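Worksheet: one structure, shown below.
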Amino acid sequence: MAVNTLTIDGKEIAIEAGKTILDAAKEAGVPIPTLCHMEGVHDVGACRLCIVEAEGTPKLLPACVTAATEGMVIHTQTEKLQNYRRMTVELIFAEGNHVCSICVANGNCELQDVAVDVGMDHSRFSYRFPDRGCDLSHSQFGIDHNRCIMCTRCVRVCDEVEGAHVWDVGSRGPDCFIVAGLDQPWGEVDACTSCGKCVDACPTGAIFHKGETTGEKEGDRGKMAFLTTAREKQEWTR
Amino acid sequence: MSKTIVIDPITRIEGHAKISVMLDDAGEVTDTRFHVVEYRGFEKFCEGRPFTEMAGITARICGICPVSHLICAAKTGDKILAVKIPKAADKLRRLLNLGQITQSHALSFFHLSSPDFLLGWDSDPAKRNVFGLIAADPDLARAGIRLRQFGQRVIEILGGRKIHAAWTVPGGVRSPLSPDGRAWILERLPESLETAQKGLDIFKQLINGPMKEEVKVFGNFPSLFMSLVGKGGAWEHYDGHLRFTDSEGNIVQDNLSEDDYADFVGEAVEDWSYLKFPYYKALGYPDGLYRVGPLARLNNCTHIGTPKADAELREFRDYADGVPTSSFLYHYARLIEILACLEKIEEYMDDPDLMSNRCRSEAGVNELEAIGVSEAPRGTLFHHYKVDENGLLEKVNLIIATGNNNLAMNKTIKQIAQHYIHSEDIQEGFLNRVEAGIRCYDPCLSCSTHAAGQMPLDIQIYNAQGEVIRQVIRD
C-alpha cells in the first residue's frame, strides 16, 4: 500500500495514497469544520468550510476534495482561514431564511454548531430574505427550502446509499434549490421509498419528519457511516 | 386655542404606545386617544408556514405571556388534527396556564402597578418603579418578585424554559410533570399563597381608604364583559364556552363557541392606531364595547371552585355591591385570580394524570380550518387558521386579549383625563394617573423588552396648528 507523509498543523501523518487532506486531518486528530461532508457518500466541496492552506500554494484548498500528497505542509487554523470560514457561515445565514427559534432542528443543527465553532455571533451581510416555499406533500416528511444550505447531502445519500435518486439540484446561482423528481411535489415522486435517509442526512431543519415542532428533530448523524460500513465490511454494530 | 398633550411612550406596560389628550380653549379635555404605535405583521408572515410551527412563532409575539399563544396555537392545532387530546395533556396545559397567569398577574401588580399605590401617584417618577418599591418595602418587593418567580418556574418545570417553551404541540404536550418538579412546586406553594393573600389585604385596604376615588374614576362605566366559563358557569381559563354579561349581571349571550366568533365579534379599524377595535356585533361599533380579562372572568363566572378564592370573590362582589364595573378593580380581580391559580395548582399536585407519559395524540391534517380560544392573563385570545391539504397556512387571524379591551382603554383614559385635567398647566402626577388607567388592563402590546423598565415619558403639547409649544421629557 502506497503511503504519503505530510504535516498538518505541525503534526506529521502518514496516510494511504488517494486519501484526502480531510481524511489525513481526522487521522491526525486535527478538527476541521465541515457541512457538506458526510461519511458514507462522496464529497463535492460545496460548502467551502474545510478550506486549508498548503505551503507553496497560493490558493485555499477544500480539504474534503483535495488529495493528500507527499510532503505537503498544511495549516488549518490560520487567521486568514478563520476569517474566511466565519464569513462563509455568515453568508450561508444571510442567503436563506434561518430562524432558529422556531426551527425543528434548533439545538440539534450542524449549521448552528458550525456557527458557534467559527465564532459567528451575527452576520455582517444583509439578509436576502428569499421567497422560498415549504413542501409538505409527502405523507411522512417535509422539506422547507428556507432552511436549505445546498450541501446536497440529501441528493447524494438518496442516490448513493438508498439508490432511489429522488433529489437533484434545480436552477442556477442564487436560485438553486433542491428538487424532488422532475421538480414535482415530493409526495408525487414514485421513486421515493420513504426511507428517511435524507432526513438524517440533512444538517439543518430543511428536511424533517412531519409534525415535528420546534427543536424536535433528532437527526442521526452517524447513520450513513454505519450503513456504509455495514454494507461494505459487514460490520453491524455502531 | 385648543391644545393636544401627548404622553409618549406610556411607561410600565408591555409594548409601545402613547396617549394624546386634546384640550379646548378653556383647558378642559375634549377627547383622548390611546395609540398603539407599533406594527408587527405576524398574521401575514405566518402564511406559508406549517401549522405545527404556530405555537413557536406566535409565542414570540410576547415574552410576558408567550404561554397564552403556545396554548391557543396548540388548541387550534388540535382541531386541525381533529383529535381529542389525552386527559393528561389537558391537565398539563391547564397547569401551564395557571403558572402563566400567576406570573403575569404578579408582574402586573407587584412590579408595574404597585409603585403607584404604595409610593404615591405624585411621588418622584425616577423612583416610582419596582426599584423604588425595593427601597421602600424590601420584604413586599421580594415577596412579589418571588411570586412571579414561582409562576415562571412552573412554566420552566413543564416546558424546559421560562420563556417561549416549545412544549405545547398540536395533539397535546411533549412531556409530563417530573417528580422533582412536583416536589419543588409543593415546597414553594405555601409562601406563594401567603404573598397572594398579602397583596389582596394591601389592595383591599387601599380601595377602602386612600384609593376610593380611583375606583370611581378609573374606567368606571357600564359595559359588557366577555370570557370563557366552564361547566355550571365556573371560572375558566383554558376551555369551556364563551359568555357575555352586562353590568347588571345579566347574561347577554351564553354557550357561544369560538368557532362562531366572527358572528358576535366585529373588528373596527381607526387610522390613528395599529391596534384594532373589537366590538360586540349585536350592539355595533362603538356601542358594543366589552371588557375582557380578570374583571370580566370574575364577573362572568358563578364561582371559582376553590375555597379561598371563592371567599374572596364573594367579598369582591360585596365591595362593589353588585357587579364591579370599575377598571381599577382589575387589580383586585387579578389578585383573586392569583389565589385561584395557586389553589388549583395545589389540587393538581395530587393528580396522578400529570405524571402520565400518554400526553400526545398524533394525526395528520384532518380539518382545513380551525379556531382556537383560551384565556390569556389579559383576556380572551383567539387563533384562527386556514391550511391547505398538507397543513401549510393560507390565512391567519389572531384576536389578541389586549385588543378586546381597546375600546375600554380609550374610554378609561378619557374618564380619568376629564376628571383630573382642567388646564394646560398639568402636574406630572395627573399624567401618571392617565397612564395608570391603561395599566389597569395590564396591556400586552408586544413583547417583554420594556416590561419593568424606566422608559422616558415624553409629553408634547400641541397648539391647534400642530406646532409643539411645550415639551417635557422625563428620563
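If one computes the Cα centroid of the stretch A:30-89 and of the stretch B:79-113, what distance in Å separates the two points? If we compute the Cα centre of each part, the gap is 50 Å. Helix B:307-320 axis versus longest C-alpha principal axis of chain B: approximately 30°, rounded to the nearest ten.
Tell me the volume per residue, in Å³, of the convex hull enclosing the alpha carbons of the protein assembly as shown.
Per-residue hull volume (Cα only) is 194 Å³.
Over the protein assembly as shown, DSSP H runs of length four or greater, each weighted -39,500 (n - 2.57), average out per residue to a 222 nm ellipticity of -10500 deg cm²/dmol.
Modelled label positions at B:ASP259 and A:ASP220, each set 7 Å beyond Cα in the direction of Cβ, lie 4.2 nm from each other.
The charge dipole of the stretch A:3-77, taken about its Cα centre with unit charges on the Cβ of Lys, Arg, Asp and Glu (plus for the first two, minus for the last two), comes to roughly 200 debye.
Amide H contacts of B:LEU289 (H built 1.01 Å from N, in plane; Pro and chain starts excluded): B:TYR280 sit under 5 Å, all sequence-distant by 5 or more or on other chains.
Cysteine residues of chain A whose Cβ has no partner cysteine Cβ closer than 4.7 Å: A:CYS50, A:CYS64, A:CYS100, A:CYS103, A:CYS109, A:CYS134, A:CYS148, A:CYS158, A:CYS176, A:CYS192, A:CYS195, A:CYS202. The distance from the alpha carbon centre of the stretch B:347-422 to that of the stretch A:179-238 is 36 Å, rounded to a whole number. Using a Gaussian network model of chain A in which every pair of alpha carbons under 10 angstrom is joined by a spring, one finds that among A:ARG85, A:ARG128, A:ARG48 the greatest mean-square fluctuation is at A:ARG128. Taking a ≥ b ≥ c as the square roots of the Cα gyration tensor eigenvalues, chain A comes out oblate, since a/c reaches at least 1.5 and a/b does not exceed b/c. Applying 1/(1 + (r/R0)^6) with r as the Cβ-Cβ distance of A:ALA14 and A:ALA94 and R0 = 56 angstrom yields a FRET efficiency of 0.85. Pull out a ≥ b ≥ c, the square roots of the eigenvalues of the alpha-carbon gyration tensor of the stretch B:306-373, then state rounded if a/c is under 1.5, prolate if not and a/b is larger than b/c, and oblate in the remaining case. In terms of gyration-tensor shape, oblate.
Tell me, what is the FRET efficiency for B:LYS281 and B:GLU315 to the nearest 0.05, using R0 = 30 angstrom and their Cβ-Cβ distance as r?
Calculated value: 0.30.
How large is the charge dipole for the protein assembly as shown, taken about the Cα centre, if only the Cβ atoms of Lys, Arg (+1) and Asp, Glu (-1) carry charge, to the nearest 20 debye?
Here the size comes out at about 740 debye.
Over 19 Å between Cα atoms, which of A:LYS59/A:LYS80; A:LYS217/B:LYS44; B:LYS18/B:LYS204 qualify? Exceeds cut-off: A:LYS217/B:LYS44; B:LYS18/B:LYS204. Across the cross-link table entries B:LYS231/B:LYS395; B:LYS276/B:LYS411; B:LYS231/B:LYS281; B:LYS276/B:LYS395, which are compared at the Cα atoms, the separations over 22 Å belong to B:LYS231/B:LYS395; B:LYS231/B:LYS281.
With contacts taken as Cα pairs under 8 Å and at least 6 residues apart, chain B reaches a relative contact order of 28 percent.
Say we join alpha carbon atoms closer than 10 Å with springs in a Gaussian network model of chain A; which of A:THR213, A:THR88, A:THR76 then has the biggest fluctuation? Comparing A:THR213, A:THR88, A:THR76 in the GNM, the peak value goes to A:THR213.
Farthest toward the positive end of the dipole of the protein assembly as shown, out of B:HIS419, B:THR306, B:LEU275, is the Cα of B:THR306, where the dipole comes from beta carbon charges about the Cα centre.
Under the shape rule built on the C-alpha gyration tensor, where the axes satisfy a ≥ b ≥ c, the stretch A:1-78 is oblate, since a/c reaches at least 1.5 while a/b does not exceed b/c. The angle separating the long axis of helix B:406-420 from the principal Cα axis of greatest extent in chain B is about 30 degrees.
What's the FRET efficiency of B:ASP246 with B:LEU189 using the Cβ-Cβ distance as r and R₀ = 45 Å, to the nearest 0.05?
0.75
Between helix A:79-95 and chain A there is an angle of about 10 degrees, using the helix long axis and the longest principal axis of the Cα atoms. Put a plus charge on the Cβ of each Lys and Arg, a minus charge on the Cβ of each Asp and Glu, and nothing anywhere else: the dipole of the stretch B:265-375 about its Cα centre is then about 180 debye.
FYI, it's all coordinate maths here, none of it is from the lab. Please read all numbers here as calculations on a predicted model, not as lab measurements. A quick note on method: Cβ atoms are made from the backbone with ideal geometry, for glycine too, and the neighbour counts reach across all protein chains shown.
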